[in-house]
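Structure, as C-alpha cells:
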Amino acid sequence: MLFTLARSPQQCDFSLIVKLVTQEDALLLMQDGVLAAIDGSEACNLLSRHVQSVYALSEDLAARGLVGQISHKITLIDYTGFVALTEKHTQQTAW
C-alpha cells in the first residue's frame, strides 16, 4: 500500500500513521507532509526507526526551502517517481 501524507506531522496523528505502514508499504511525504523529513526532527526520527520506504516530493521540499535540511534516509522523488509509486502500489491511503 502507498500512504501519502500531505499534512504537517504536528497536525495529524503521525504516530498512528507510522504504526500502520508495514515493511511492504511505502510512505510518500508531500505538501506540508515534507516537514516530517527534516533531519533530526521528532517525526523524522520516528520514521527512521519504523518505516522502511519513505519518499518525499522534491518539488514540495524546494517550495518550502527544505532541500538541504532533510534526512539522507529519505528518498527524493519527482512527479514521475510519484506515478511510479502509484503503479507499484495499487492500493493507496491519503492522510
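Let me spell it out: the conditions are (1) more than 11 Å from the chain's Cα centre (by Cα); (2) on the phi > 0 side of the Ramachandran plot; (3) open to solvent by 60 Å² or more (accessible area, probe 1.4 Å), and Glu42 meets all of them except one. Which number is the exception?
All conditions pass for Glu42, except number (2).
What about Leu76, is it touching a residue at least 60 places away in the same chain (Cβ under 8 Å) and surrounded by 12 or more Cβ atoms within 10 Å (Cβ to Cβ)?
No, not satisfied.
Starting from residues that are of a type in the set (Val, Ile, Thr) and part of a loop (DSSP other than H, G, I, E, B), keep the ones in region 66-95 and report whichever is modelled with the highest pLDDT.
Filtering region 66-95 for residues that are of a type in the set (Val, Ile, Thr) and part of a loop (DSSP other than H, G, I, E, B), the one modelled with the highest pLDDT comes out as Ile74.
Name the residue, out of Asp25, Asp60, that is acidic (Asp, Glu), touching a residue at least 60 places away in the same chain (Cβ under 8 Å) and either surrounded by 13 or more Cβ atoms within 10 Å (Cβ to Cβ) or closer than 15 Å to Phe3 by Cα (or both).
The conditions single out Asp25.
Check Leu35, Leu20, Leu47 and return the single one that is in contact with a Ser or Thr (Cβ under 6 Å, 6 or more places away or on another chain) and either open to solvent by 30 Å² or more (accessible area, probe 1.4 Å) or free of Cβ contacts under 8 Å to residues at least 60 places away in the same chain (or both).
Step by step, each of Leu35, Leu20, Leu47 is checked, and only Leu35 is in contact with a Ser or Thr (Cβ under 6 Å, 6 or more places away or on another chain) and either open to solvent by 30 Å² or more (accessible area, probe 1.4 Å) or free of Cβ contacts under 8 Å to residues at least 60 places away in the same chain (or both).
The values are calculated or read from the model by the stated rules, or taken from the named source; none is laboratory data. Everything numeric here is computed off the predicted structure, so don't read it as measured data. Because the Cβ atoms are built from the backbone with ideal geometry, glycine has one as well, and the counts that use them run over all protein chains shown. Protein only, heavy atoms only, side chains kept; ligands, DNA and RNA dropped before computing areas. Shrake-Rupley method; radii C 1.70, N 1.55, O 1.52, S 1.80 Å.
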